[in-house]
Amino acid sequence: MKIKCIIIDDEPLAGEVIETHLNEFSNMQLLASYTNPLDALTIIESGDVDAVFIDINMPKMNGLDFIKSLDAKPYFIITTAYREYAVESFDLDVFDYLVKPVPFTRFLKSINKLSQKMILENSSEIAQPTADKSFIFLKVDKKLIKIKFEDIYFIESLKDYIKVFTKTGDYLAHKSLSGITEELPSNLFLRIHRSFTVALDKIQALEGNSVLIADKRIPIGRKYINHAKDVILNKS
């Protein structure tokens, strides 16, 4: 399994150090390096990136502000010469915080942790949920709300939150779309867009690059279109 990553650092020499470290790992694939975070926006939003090594202090845009601006987020590993941003970084759920100059031994520890995380994620995606589980608990306003799978229409990502649309009401929770999608049975739910996961049995119609659910039109993302249509039309 290759872990696809990019580097964002306005200092070419610092970026080269990270790239040299990455070259020591056969399971790491460097897709590109950028000096401006905004130039990396397209590839990150495509969903093809697993991990991002990013500096904080950059002239065009602060690395932490860039992370805050994203909806769907890969694993971010901070690489900076400053220790004082550590608390703020981990509040943003960054995966790791590396202080420059990054020694290889510390980098090795981070890559090992990332590799183990990715292996566990892939294993959970392959594993099917138990047949008798028909609900999830969602933390809403400091309460755990039981939501039945059969009641869910679709789920929308709203930056650091998700909104779950159901027969009994709509629920806002501090959770990622990727996180909740992994908790749902893959034979019942499908992610069709970086901002939407839908209940397959609630789809009323498929029209062009969108589906109709509960009389609401939901777009199908370009990277999801082929697989989504195959699944929806029972051809996969």
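The values are calculated or read from the model by the stated rules, or taken from the named source; none is laboratory data. Keep in mind that this is a model prediction, so the values were computed, not measured. Cβ atoms come from the backbone with ideal geometry, glycine included; neighbour counts cover every protein chain shown. For accessibility, only protein heavy atoms count, side chains too; no ligands or nucleic acids. Shrake-Rupley method; radii C 1.70, N 1.55, O 1.52, S 1.80 Å.
Amide H to amide H under 5 Å from I54: which residues, 5+ apart in sequence or cross-chain, H placed 1.01 Å off N in plane?
Here I8, I77, I78, T79 satisfy the definition.
Taking only Cα atoms, what is the 0 to 90° angle, nearest 10, from helix 12-22's long axis to the longest principal axis of the chain?
Once rounded, one gets 70 degrees.
How much accessible area per residue does the chain have, counting only protein heavy atoms and a probe of 1.4 Å, in square angstrom?
56 Å²
Using Cα positions and a limit of under 25 Å, work out the lysines in reach of K60, with same-chain residues fewer than 8 apart set aside.
The qualifying lysines are K4, K68, K73, K100, K159.
At a Förster radius of 25 Å, what calculated FRET efficiency corresponds to the Cβ-Cβ distance of D65 and K100, to the nearest 0.05?
Efficiency at R0 = 25 Å is approximately 0.80.
Which ³J(HN,Hα) values in Hz, rounded to whole numbers, follow from the phi angles of region 206-215 under the Karplus curve 6.51 cos²θ - 1.76 cosθ + 1.60, where θ = phi - 60° and Gly and Pro get x?
Each residue of region 206-215 in turn: 10, 9, x, 9, 7, 10, 10, 9, 6, 6 Hz.
Could you check which residue among K167, K143, K216 shows the biggest mean-square fluctuation in a GNM of the chain with a 10 Å Cα cutoff?
Of the options given, K143 has the highest mean-square fluctuation.
Between R83 and E11, take the C-beta separation as r, use R0 = 22 Å, and let me know the FRET efficiency to the nearest 0.05.
Result of the calculation: an efficiency of 0.80.
May I ask you to compute the full-extension gain from D91 to L158, defined as 0.36 nm times their residue separation minus their alpha-carbon distance, rounded to one decimal in nm?
Extra length available between D91 and L158 comes to 22.4 nm.
For the chain, which whole-number percentage of the solvent-accessible area (1.4 Å probe, protein heavy atoms only) is attributable to carbon and sulfur atoms?
Looking at the chain in its full context, I get 51 percent from C and S.
HN-Hα J couplings of region 166-172 from phi, Karplus 6.51/-1.76/1.60, θ = phi - 60°, integer Hz, Gly and Pro as x?
3J(HN,Hα) across region 166-172, in whole Hz: 10, 5, 9, x, 10, 10, 9.
Quick one: Karplus J couplings for region 96-106, per residue in order, coefficients 6.51, -1.76, 1.60, θ = phi - 60°, nearest Hz, x for Gly and Pro?
7, 9, 10, 9, 6, x, 7, x, 4, 4, 6
Rounded, prolate or oblate, given the Cα gyration tensor of the chain, with a/c below 1.5 counting as rounded?
prolate
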